[in-house]
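The structure appears below as structure tokens.
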Amino acid sequence: MSCRDRIAIDPEILVGKPVVRGTRLAVEFILELLAAGQSESEILLNYPGLSRDDILACLAYASLAHKYKAYPVPV
């Protein structure tokens, strides 16, 4: 699975922050939920438009962003 399939960057959506494709949920928001201790199942219950693959893509994207210290275009 590629981040490109799940993560989008569009200057018209949340000022260009990376979001889960087809939503207005920022990658950083999903990561903050996980960091706050919410489980994957809790997130999926609260945001039914998300899938497990979306959450995994957010984690994968975060590892890219950490490496490059920027918002890289998903590969």
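Peptides 49-55, 37-43 ranked from most to least packed, by the mean per-residue count of other Cβ atoms within 10 Å: 49-55, 37-43.
Site pair Leu45 and Leu59 shows an inter-label distance of 1.9 nm when each label is modelled 7 Å from Cα along Cα→Cβ. For the range 4-19, the Karplus equation 6.51 cos²θ - 1.76 cosθ + 1.60, evaluated at θ = phi - 60°, returns couplings of 4, 6, 10, 10, 10, 10, 9, x, 7, 10, 6, 6, x, 5, x, 10 Hz by residue, with Gly and Pro reported as x. Close amide H partners of Ile7, meaning residues 5 or more places away or on another chain with modelled amide H under 5 Å apart, are Arg21.
The modelled label-to-label distance for the pair Ser2/Val15, using points 7 Å beyond Cα in the direction of Cβ, is 3.0 nm.
Give me the dipole magnitude in Debye, nearest 20, for the range 3-68 about the Cα centre, with unit charges on the beta carbon: positive for Lys and Arg, negative for Asp and Glu.
Computed about the Cα centre, the dipole is about 160 debye.
No lab work stands behind these numbers, since they all come straight from the coordinates. Keep in mind that what you see is a predicted model, and the values were worked out from it rather than measured. Here Cβ is always computed from backbone atoms with ideal geometry, including for glycine, and neighbour counts include all displayed protein chains.
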